[in-house]
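Structure, as structure tokens:
The values are calculated or read from the model by the stated rules, or taken from the named source; none is laboratory data. No experiment lies behind these values; they were computed from the predicted model shown. No Cβ is skipped: glycine too gets one built from the backbone with ideal geometry, and neighbour counts run over all protein chains shown. Note: areas computed on protein heavy atoms with side chains; ligands, DNA, RNA excluded. Shrake-Rupley method; radii C 1.70, N 1.55, O 1.52, S 1.80 Å.
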Amino acid sequence: MTPAAHGRLVLLLTVLAALALPREAAAKWTRLSTGHVVFVGDVPERSLQAMARRLEQFLAVAARAFGDEAAAPPVPTVVIVFQHARSFAPFMPTYQGRTVAVDGFFAPSEDANYVAVNADRERAAYATIFHEYTHFLVRNALGDVPVWVNEGLAALYQTVEPVDGGKAVVFGLPVADDLRVLQSSSILPMAQLIGVARRSEEHTSELQSPYVISY
């Protein structure tokens, strides 16, 4: 775990510790547990229930794709829901010493998996969480795979959406941001794409424009 990620986890644990205070001191916070997932947040309980359903739907899809064992890790998952960007801001991740404004993130550790969500940006937050959670599942199920495979699977499963009143899900539908990339970005030759390594400039730089594959 990187120092930045460790710092974020310390802050998240601070929030969890607040839940142990007398009820009057933590009256804003709500806790909900579903199996291996614990939700806490300064949002109404119905919001936590809705998020719990979304995550359970994603995990059901993941279990079919990666297997039950990979989709149900032995450590608990803690989802912390912040009411808005202002309350979420102190817990956002950092990159090269700067805070990265995100709608949500996933931070695994040996003792628990932590998910943070900005409730104001619910749909975008789910995409971020599902994307990062898929990386975790790929590592559990397949081990070390090429970056293009890992990122491709994460981009696919980040699109899981409920349909038919939550009775079913769809995924793999076009994403508006991805379509804009296809229309405007630089072309990355296939050989270079396949050769992209973790922590390389193409993979890690937040200032780097996305690339499109050329065949």
Identify all residues within segment 162-186 that are surrounded by 11 or more Cβ atoms within 10 Å (Cβ to Cβ) and in contact with a strand residue (DSSP E or B) (Cβ under 9 Å, 6 or more places away or on another chain); write none if there are none. P162, V169, V170, F171, V181, L182, S185, S186
Looking at segment 106-130 only, could you name the residues that are part of a strand (DSSP E or B) and more than 20 Å from E161 (Cβ to Cβ)? A107, P108, N113, Y114, A116
Taking only segment 147-161 into account, find how many residues are over 18 Å from T77 (Cβ atoms), outside any strand (DSSP E or B) and open to solvent by 30 Å² or more (accessible area, probe 1.4 Å). 8
Of the conditions (1) under 25 Å from V169 (Cα atoms); (2) in contact with a helix residue (DSSP H, G or I) (Cβ under 7 Å, 6 or more places away or on another chain); (3) surrounded by fewer than 21 Cβ atoms within 10 Å (Cβ to Cβ), the single one that G104 does not satisfy is (3)
Got at least one residue in segment 78-85 being in a helix (DSSP H, G or I) and at pLDDT 85 or above? yes
Segment 44-77 - residue that is without any contact (Cβ under 8 Å) to a residue 24 or more places away in the chain and not in a helix (DSSP H, G or I) and, of those, surrounded by the fewest Cβ atoms within 10 Å (Cβ to Cβ): P74
Residues that are touching a residue at least 12 places away in the same chain (Cβ under 8 Å), part of a loop (DSSP other than H, G, I, E, B), among the β-branched types (V, I, T) and more than 27 Å from R31 (Cβ to Cβ): does segment 131-146 have at least one? no
